[in-house]
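The block underneath contains the structure these notes are about, expressed in structure tokens.
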């Protein structure tokens with residue numbers, strides 16, 4: 001199974017059914033979230049950290065291009081596009097596109113690294129690569145969906161509901177690989193969140209002192 005440690009799913013009267021392609025994995029991650037199904041995804045021989053990084057890179061790049069493209073479309077439809085705006089967005093696309101995928105990967109490594117580090121402090125048995133793979137399977141399709149929804153008036157309000165949905169799926173993933181109860185999963189997730197917010201706050205504070 002790639003380079004990800006295997007946690008073989010065990011459940012009475014059920015045999016693991018391994019997905020065949022990216023979209024099968026994403027579909028299961030989003031619509032059939034359970035400990036059994038998530039462990040099936042990890043036990044898939046095609047599962048690997050490399051695959052997760054590719055998903056995150058591709059999703060981040062597509063999301064960036066989609067958001068900018070739809071923004072220009074709606075801007076043209078409602079108000080028209082000035083030369084300055086066109087020049088500005090074109091510059092962002094040229095400069096930003098090569099870096100967005102890489103930044104998406106860095107963000108995922110930091111986020112998942114923090115969450116799994118905290119989960120291990122709570123006695124979790126999971127590993128970084130396992131949570132990263134499940135995170136990538138969840139966030140990659142969701143990122144593309146949000147890149148469309150976020151620029152459409154009224155529909156952009158769904159982003160809050162989608163964010164809550166993603167949080168629930170991540171809790172299931174944390175629970176599955178770490179053999180946690182719901183309580184421990186929630187505690188680990190929000191502890192990592194608070195550490196992250198505190199870290200950002202400290203960096204912001206010292207950046208202000210620098211000026």
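Table: residues versus (1) exposed (fewer than 13 other Cβ atoms within 10 Å of the Cβ); (2) under 27 Å from residue 68 (Cα atoms).
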{"site": "110", "(1), (2)": "yes, yes"}
{"site": "128", "(1), (2)": "no, no"}
{"site": "138", "(1), (2)": "no, yes"}
{"site": "158", "(1), (2)": "no, yes"}
{"site": "174", "(1), (2)": "no, no"}
{"site": "177", "(1), (2)": "no, no"}
{"site": "186", "(1), (2)": "no, no"}
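Check 148, 118 and return the single one that is within 20 Å of the chain's Cα centre (by Cα), surrounded by fewer than 17 Cβ atoms within 10 Å (Cβ to Cβ) and touching a residue at least 60 places away in the same chain (Cβ under 8 Å). First the steps, then the outcome.
Details: 118 fails: surrounded by fewer than 17 Cβ atoms within 10 Å (Cβ to Cβ).
Answer to the check: 148.
Within the bounds of the stretch 165-187, is there any residue that is outside any helix (DSSP H, G or I) and in contact with a helix residue (DSSP H, G or I) (Cβ under 6 Å, 6 or more places away or on another chain)?
Looking only at the stretch 165-187, we keep the residues that are outside any helix (DSSP H, G or I), and these are 179-181.
Checking the rest, the ones that are also in contact with a helix residue (DSSP H, G or I) (Cβ under 6 Å, 6 or more places away or on another chain) come to none.
No.
Condition test on residue 137, is it more than 12 Å from the chain's Cα centre (by Cα), within 23 Å of residue 44 (Cβ to Cβ) and part of a helix (DSSP H, G or I)?
Judged against the criteria, residue 137 is not a match.
Please determine whether any residue of the stretch 57-66 is out of contact with any helix residue (DSSP H, G or I) (no Cβ under 8 Å at 6 or more places or on another chain) and surrounded by 16 or more Cβ atoms within 10 Å (Cβ to Cβ). Reasoning before the result, please.
Of the stretch 57-66, the ones out of contact with any helix residue (DSSP H, G or I) (no Cβ under 8 Å at 6 or more places or on another chain) are none.
The answer is no; no qualifying residue exists.
Check off (1) surrounded by fewer than 15 Cβ atoms within 10 Å (Cβ to Cβ); (2) under 28 Å from residue 66 (Cα atoms); (3) in contact (Cβ under 8 Å) with a residue 60 or more places away in the chain for residue 195 and give me the number that stays unchecked.
Result: residue 195 passes all but (2).
Since every read-out is calculated from the coordinates, none of them should be taken as a lab result. A quick note: this is a predicted structure, and the numbers were derived from the prediction, not measured. No Cβ is skipped: glycine too gets one built from the backbone with ideal geometry, and neighbour counts run over all protein chains shown.
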